[in-house]
């Protein structure tokens, strides 16, 4: 979640929290963490966490996904010191550009072609293609024997290798 999402769709954020979804920190303004000081990074993370806490019952955030997927050993260390666990994806495609949507079948095929055991799938909410394809993706992946878990399940059961999310 970014600050823009909290500002533009507060009711949806409340709904996510109320339905038990994990709302993770993707920073307030979406800056490149590798170009920030520790203090600026902390401000970005704290501001988003506070914004979500103001409009929902979720008061803390545990997971962070670095904007643009950029990171350094230092930025991971700082986030860990601030109490965050980094989460990365293993399956993604360019779906955030709303001017180049190619239809739900294209989004579906992108995911199905790349899915693999243990996949962490990154889908951006701005994509109408993703929204339309999601039902088909889930149904077909289940037919292939895949199951879906929350990050909490994976981390708590130590199913994710430590270097994946923490130094």
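General remarks:
- Ranking of 63, 28 by count of other Cβ atoms within 10 Å, fewest first: 63, 28
- In summary, the convex hull built on the alpha carbon positions of segment 51-128 has an orientation-averaged projected area of 7.1 nm².
- Fully extended contour minus Cα-Cα distance, from residue 101 to residue 70, at 0.36 nm per residue: 8.7 nm
- Working from label points 7 Å from Cα in the Cα-to-Cβ sense, the residue 128 to residue 19 distance is 2.0 nm.
- Cβ-based exposure ranking for 46, 129, in which fewest neighbours within 10 Å come first: 46, 129
- Stokes-Einstein diffusion for the chain at 20 °C, viscosity 1.002 mPa s, with a Kirkwood radius from C-alpha pairs, works out to 126 µm²/s.
- Structural descriptor for the chain: relative contact order 19 percent, calculated from alpha carbon pairs under 8 angstrom and at least 6 residues apart.
- Burial ordering of 78, 89, fewest other beta-carbon atoms within 10 Å first: 89, 78
- Angle in degrees between helix 128-143 and the longest Cα principal axis of the chain, rounded to the nearest 10: 70 degrees
- Label-point gap, in nm, between residue 12 and residue 153 - each point 7 angstrom along Cα→Cβ: 2.4 nm
- Principal-axis analysis of the Cα atoms of the chain puts helix 104-114 at an angle of about 80° to the longest axis.
Quick note: the coordinates plus some simple rules give every number you see, no bench work behind them. Since the structure is predicted, the reported quantities are computational estimates derived from the model, not experimental observations. Using ideal geometry, Cβ is built from the backbone for each residue, glycine included, and neighbour counts are taken over all protein chains shown.
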